[in-house]
Amino acid sequence: MIDFSISAETAALRDEIRAFVIDEIVPYETDPRLTQHGPTDELRGELVELARKRDLLTLQAPKRFGGREPSHVDQAVLYEAAGWSTLGPVALNCAAPDEGNMFLLSKIATEEQAETFLRPVIEGHQRSVFAMTEPDGAGSDPKQLTTKAVFDGTNYTINGQKWLITGATGAKTWIIMADVEPNPHGPSGPTLFLCDGNTPGIVIERVMSTMDRNYVEGHGVVRFDDVTLPQSALLGDVGEALRYAQLRLAPARLTHCMRWLGAAERAQSIAVEHARTRTAFGKPIGEHQGVSFMLADNEIGLQQSRLAIWWACWTLDQGARGRHESSMVKASVSEELYKVADRCVQVLGGMGISDETPVAMIFRDMRAFRLYDGPTEVHKHAIAVQILRRLEDRR
C-alpha cells in the first residue's frame, strides 16, 4: 500500500518549525555576520540558542542523547520546513556537515568517544568536520587518498593536505580520513580518526572563496603536519573508512535534498508573489504564458522532488542500505531544484540577480548543491553499474 499521509504529530512539528524559521530566523538573512564565507560561529551560536529556547534543537538526534529520533520520512518533512531559510538548518542544528557527522558517530563511536565528541555537537556547543576531500587526491573517488598515517605500534602520525573542509575554522570535533601505511604492528588501509580540532599539527591555511555561503565558516584548506594520535583516536576499525563513509553518505545525500527542497520552495513562493503583483503589457506577468509555464514547471519539479525524497527515505526506514536509491534521488533532485531556482531568477528579472530577495543566494547555493556528496555524473555512473549488475544476475 502506498500512503503519502503525514502523521498529525509530524505535521504539527513541521508547522512549528516553519513558523519559527519565518518569524525568528529569516530576519537574520540580512545580518552582516552572514558573510561571503557563510554564517560566522557567533551568528550560529545566536541562532542555536533561539532554537534551544523553542525546544527545536537537534530534533534528529538519537533518543539516548535527548533527541526525538524521527524516521527518515519524518526527517524529510521536518528538514524541508527548516530549509525555508538557508539559516534554518543552522539554527536547528541539522545542517551539513554536523548532521551527517552526528549520524555517523552515533553508529560507530565508542561510548567514551560519543560523550567526548558527539554529545557536545548534538547539544549545539561545538561543531564538527569530516576531513576527506583533497586537492590532488580523494574527492568523488575517496580511494585516491594521499593523506597518510604511519603507525609505530603506539601512535598514528598523520601527514597530508585537505581542502573544501566545511566549517574547519573553529570546529572542535574532527573526523579525519587517512590511509594507514602497511606496518608490522597491525592492519592498514583507509581509516577514520577522531580528535579535537586543537590537536597540534592541524593547520588551517585559509578559507576558500566559493559561490555558496550557507555553511558556517565556509570551506577550509587544511594541512596535517605530524598530527600524532593514540590508538584510542581510531573511529571504528582500521581499513574501514570507505565503508563508514558510505554509511554516512547515503542518508546525508537525502538530507541535503530535503533542506534544499525547502529553499527551492521559498524561491518559488517569492517568484509567485512577484508574478502576481508585477505587471507588464497590461496585466500581471504571471498571466503571460511564458511566466506561467515556468511557475507550473517549478510546481511540478518541487512535487516530483518531494515524492522522490520520501520514496528513498521510506526505503531506508525499511532497513535497506539505500545507496542506489539515494544516488538516484541526489542526481535527480539536485538537478531539478537547480532548474527551479534558475526559473525563479528569470521570473524576478533584474531583481532576481540582486540581493533584494534571497533568490540569488539560493540560486548560487543550489549550483553548489549539485556537487555536494558527489557530482551528478558520479551518481549516474553508480546507478548504471547497478543496472548492469542486475542484468547480469538475471542471466
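The values are calculated or read from the model by the stated rules, or taken from the named source; none is laboratory data. A quick note: this is a predicted structure, and the numbers were derived from the prediction, not measured. We place every Cβ from the backbone using ideal geometry, glycine too, and count neighbours over all the protein chains shown.
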**Request:** Name the residue, out of SER305, SER327, SER334, SER354, that is more than 20 Å from ARG266 (Cβ to Cβ) and not β-branched (Val, Ile, Thr).
**Result:** SER327
**Prompt:** Does ASP342 meet the test of being in a loop (DSSP other than H, G, I, E, B), among the acidic types (Asp, Glu) and touching a helix residue (DSSP H, G or I) at 6+ places or on another chain (Cβ under 7 Å)?
**Reply:** no
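Listed here are the residues, each with its yes/no results for (1) more than 25 Å from PHE193 (Cβ to Cβ); (2) of a type in the set (Lys, Arg); (3) at pLDDT 95 or above.
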{"residue": "HIS72", "(1), (2), (3)": "yes, no, yes"}
{"residue": "GLN75", "(1), (2), (3)": "yes, no, yes"}
{"residue": "ALA81", "(1), (2), (3)": "yes, no, yes"}
{"residue": "SER85", "(1), (2), (3)": "yes, no, yes"}
{"residue": "VAL90", "(1), (2), (3)": "yes, no, yes"}
{"residue": "ASN93", "(1), (2), (3)": "no, no, yes"}
{"residue": "ASP98", "(1), (2), (3)": "no, no, yes"}
{"residue": "LYS107", "(1), (2), (3)": "no, yes, yes"}
{"residue": "THR110", "(1), (2), (3)": "no, no, yes"}
**Message:** Within segment 105-127, does at least one residue satisfy the condition of being out of contact with any Ser or Thr (no Cβ under 7 Å at 6 or more places or on another chain), of a type outside the set (Lys, Arg) and closer than 30 Å to GLN304 by Cβ?
**Reply:** no
**Asked** Is it the case that ALA149 is assigned to a strand (DSSP E or B), crowded, with 20+ Cβ neighbours inside 10 Å, modelled with pLDDT of 95 or more and small (Gly, Ala, Ser)?
**Response** yes
**Message:** Being closer than 20 Å to LEU249 by Cβ and either among the small types (Gly, Ala, Ser) or surrounded by fewer than 20 Cβ atoms within 10 Å (Cβ to Cβ) (or both) is the requirement here; does ARG364 meet it?
**Reply:** no
**Unique match (being within 21 Å of the chain's Cα centre (by Cα), surrounded by fewer than 18 Cβ atoms within 10 Å (Cβ to Cβ) and part of a loop (DSSP other than H, G, I, E, B)) among GLU29, GLU42, GLU69, GLU46** = GLU69
**Complete:** Within segment 353-395, the count of residues that are assigned to a helix (DSSP H, G or I) and free of Cβ contacts under 8 Å to residues at least 40 places away in the same chain comes to 14
**Fill in**
Note on segment 1-37: residues aromatic (Phe, Trp, Tyr) and at pLDDT 95 or above are PHE20, TYR28
**Request:** Return the only residue of LEU249, LEU192 being under 21 Å from GLN126 (Cα atoms) and of a type in the set (A, V, I, L, M, F, W, C).
**Result:** LEU192
**Complete:** Of the listed residues (ALA233, ALA245, ALA275), the one being in contact with a Pro (Cβ under 7 Å, 6 or more places away or on another chain) and within 22 Å of LYS148 (Cβ to Cβ) is ALA245
**Message:** For segment 171-184, check the following and say yes or no: at least one residue is closer than 29 Å to ALA368 by Cα and either surrounded by fewer than 21 Cβ atoms within 10 Å (Cβ to Cβ) or among the hydroxyl-bearing types (Ser, Thr, Tyr) (or both).
**Reply:** yes
